[in-house]
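> Attaching a single structure in structure tokens format; questions to follow.
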Amino acid sequence: MQEKTEKQFYLKIYKNLKLTRRFEEKTIELMNRGEIPGALHPSNGMEAVGVGVCSALVKGDIVCPSHRTISAQITKGAQIKYLLAEYMGKVDGYSRGKGGSMHINAGFENDVFGVDSVVGGKASIATGIALAAKLRGNKSVTAVFFGDGAMNQGVVLESMNMAAIWKLPVLFVCENNQYAATTSASYSTLLKNLSSRSQAFGFDGFTVDGMDVLSVYNRTKEIVEKIRAGNGPSLLEAITYRYKGHWSGEELQNYVKYRTKDEIRQWELRCPILTFGKYLTANNICGQSEIDDIDAEIEKIIEDAVSFARKSEYPAAQEGIKGMYATQY
């Protein structure tokens, strides 16, 4: 029974990795066809961070994702059809078509506190959620995601300081994908590891290979156990990489040149999905046919989600103010 449970767990990780990648590939395709309004901020290549962290969390642990951590929402249980409907601005989306990719909430039933477009803005909200958890004594942990650029935002550093003072159960997760938009992390800070900033606030910081989902999972599991035991916050820096541009139309702007094709190719060789799939077969956890079955299942999920979202209606005008106020009208 233990072997079967472990195998199912690993296959679930693979499925969440691949489902995230295929979802984002499909959204880019639909955006290019004019079916998704506005720009997207794809995380292709970064899937192991959200999947690894959230696989180490339990029911009741809260996730505050960034606009580039759709993997966290999917791992926490978000349904692809509702995510896609939201991206397409349809009323059946998680935010009833009013939020899009930058303001999406996969629902409190999935322990997800929604995305917003403020860089690093969720750090303070996550700190407040963690304070509430401590006051209630419910032992839940809050994980908040942000990028390397957000590590230079005052709100993130202030939140870390407050969380340290009150020993709050919050995990700060820095998805260091090397670039804040087009600014290299090596240009914006002299630190070798951004995780060392935690020392200034008096709590632990760790750096992990963000292209290796098991490394992320194992380290997160260790950290979360300490946080849950009342030892206060921690900072986890995951070194990762985004294969696409900062936003979905960047490749069309020939004047935007801040990284080389060779650099991208080198990181693509470390694709977290391909390497984890090879790990599963090389260690006899599963056969290639089982991976192929999961891939086929994912294609069906994506196909059904596209059909669902296309059939969904656009929100009516009166939807504009629904949810804006606490009172009913």
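> Filter region 136-161 for residues that are part of a helix (DSSP H, G or I), hydrophobic (A, V, I, L, M, F, W, C) and out of contact with any Cys (no Cβ under 6 Å at 6 or more places or on another chain) and give the result.
Ala150, Val155, Val156, Leu157, Met160
> Which number in (1) more than 19 Å from Ser248 (Cβ to Cβ); (2) assigned to a helix (DSSP H, G or I); (3) touching a residue at least 24 places away in the same chain (Cβ under 8 Å) marks the one condition that Gly128 misses?
(3)
> Looking only at helices (runs of 4 or more DSSP H) that fall completely inside region 260-329, which ones have 2 or more residues that are out of contact with any Asp or Glu (no Cβ under 8 Å at 6 or more places or on another chain) and within 21 Å of Leu11 (Cβ to Cβ)?
Helices (runs of 4 or more DSSP H) meeting the threshold: 272-282, 288-311.
> In addition: Which one of the conditions (1) under 26 Å from the mean Cα position of the chain (by Cα); (2) under 30 Å from Lys98 (Cα atoms); (3) aromatic (Phe, Trp, Tyr) does Tyr325 fail to meet, given that it meets all the rest?
(1)
> Going through Asn254, Asn284 one at a time, which residue ends up being free of Cβ contacts under 8 Å to residues at least 60 places away in the same chain and closer than 30 Å to Pro37 by Cβ? Give the derivation first.
Values: Asn284 fails: closer than 30 Å to Pro37 by Cβ.
After ruling out the rest, the residue left standing is Asn254.
> Okay, next question. Out of curiosity, is Asp111 in contact with an Asp or Glu (Cβ under 7 Å, 6 or more places away or on another chain) and either within 25 Å of Thr240 (Cα to Cα) or surrounded by fewer than 19 Cβ atoms within 10 Å (Cβ to Cβ) (or both)?
Numbers: in contact with an Asp or Glu (Cβ under 7 Å, 6 or more places away or on another chain): yes; either within 25 Å of Thr240 (Cα to Cα) or surrounded by fewer than 19 Cβ atoms within 10 Å (Cβ to Cβ) (or both): yes.
Yes; evaluated as a whole, the condition is true for this residue.
> Consider Gly245 against the criteria (1) of a type in the set (Gly, Ala, Ser); (2) on the phi > 0 side of the Ramachandran plot; (3) in contact with a helix residue (DSSP H, G or I) (Cβ under 6 Å, 6 or more places away or on another chain): it satisfies all of them except one. Which criterion is unmet?
So the condition that Gly245 fails would be (2).
> Another question about this same structure. Looking at region 162-171 only, could you name the residues that are crowded, with 23+ Cβ neighbours inside 10 Å and not in a loop (DSSP other than H, G, I, E, B)?
Across region 162-171, the qualifying residues are Ala163, Val170, Leu171.
> Further, regarding this structure: In region 224-259, which residues are over 18 Å from the mean Cα position of the chain (by Cα), within 22 Å of Asp148 (Cα to Cα) and not in a loop (DSSP other than H, G, I, E, B)?
Once the filter is applied, which keeps residues that are over 18 Å from the mean Cα position of the chain (by Cα), within 22 Å of Asp148 (Cα to Cα) and not in a loop (DSSP other than H, G, I, E, B), region 224-259 yields Glu250, Glu251.
> Picking from Gly120, Gly137, Gly89, which residue would you name as being without any contact (Cβ under 8 Å) to a residue 24 or more places away in the chain and at positive phi? Before the answer, list the steps.
Details: Gly120 fails: without any contact (Cβ under 8 Å) to a residue 24 or more places away in the chain; Gly89 fails: without any contact (Cβ under 8 Å) to a residue 24 or more places away in the chain.
That would be Gly137, the only listed residue that is without any contact (Cβ under 8 Å) to a residue 24 or more places away in the chain and at positive phi.
> Let me ask something else about it. Of the residues Leu274, Leu269, only one is of a type in the set (A, V, I, L, M) and farther than 14 Å from Glu47 by Cα; which?
Values: Leu274 fails: farther than 14 Å from Glu47 by Cα.
After applying the criteria, what remains is Leu269.
> Is it true that some residue in region 227-237 is of a type in the set (D, E, K, R) and free of Cβ contacts under 8 Å to residues at least 40 places away in the same chain? Let's see the steps before the verdict.
Start the filter on region 227-237 by keeping residues that are of a type in the set (D, E, K, R), which leaves 228, 237.
Now narrow it down to the ones that are free of Cβ contacts under 8 Å to residues at least 40 places away in the same chain: none.
Scanning region 227-237, I find no residue that is of a type in the set (D, E, K, R) and free of Cβ contacts under 8 Å to residues at least 40 places away in the same chain, so the answer is no.
> Across region 179-223, what is the number of residues that are among the acidic types (Asp, Glu), surrounded by fewer than 20 Cβ atoms within 10 Å (Cβ to Cβ) and not in a helix (DSSP H, G or I)? Step through it out loud before you land on a result.
Here is the first cut: in region 179-223, the ones among the acidic types (Asp, Glu) are 204, 209, 212, 222.
Right, trim to surrounded by fewer than 20 Cβ atoms within 10 Å (Cβ to Cβ) and you get 204, 209, 222.
Still in the list and also not in a helix (DSSP H, G or I): 204, 209.
Residues that pass the stated criteria total 2.
Readers should treat all values here as calculations from the given coordinates under stated rules, not as data from a laboratory. Bear in mind the structure is a predicted one, so any value in this text is a computation, not a measurement. So basically every Cβ, Gly included, is an ideal-geometry build from the backbone, and we count neighbours across all protein chains shown.
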